[in-house]
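Asks: I have a structure I would like to understand better, so I am pasting it below and will then ask my questions one at a time.
Coordinate-derived values only; no laboratory data. It should be emphasised that the depicted structure is a prediction, and the values quoted were computed from it without experimental measurement. Neighbour counts are summed over all protein chains in view; Cβ atoms, including those assigned to glycine, are modelled from backbone coordinates with ideal geometry.
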Amino acid sequence: MVLSPAYDLVNTALINPAKDEEITKTLNKKKKLIKQYFVAAMNKLKMEEKQQQYIFNKIKKPRPIWMQLIDNGFLSNAFKNLYKTILNKKFNALQVCK
């Protein structure tokens, strides 16, 4: 699967919250994002637990920078707050914010 370079630049959930699709639909034919789907996909690829943890840590590490970029962005305060809420829900679902 190849995504367009701009796929992740636009958070469509900000303007269309009714659309509840995520990458997990591709991974497990489900709509809800949870860590176990990614772990299952990584296990299928024969990735060791240490490799998996490295990937989840790579997701976790830039979180404060993402939040700062959102704060410094051009969105209205309402959209900034909504964007951070959406992002926090994804971090929580992936269990990478602990």
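Asks: If I ask for residues that are surrounded by fewer than 11 Cβ atoms within 10 Å (Cβ to Cβ) and within 26 Å of Gln36 (Cα to Cα), which ones from the stretch 63-84 would you list?
Replies: Within the stretch 63-84, Pro64, Ile65 qualify.
Asks: Just checking, which of Gln51, Gln95 is exposed (fewer than 15 other Cβ atoms within 10 Å of the Cβ), touching a helix residue (DSSP H, G or I) at 6+ places or on another chain (Cβ under 9 Å), farther than 21 Å from Leu14 by Cα and free of Cβ contacts under 8 Å to residues at least 24 places away in the same chain?
Replies: Gln51
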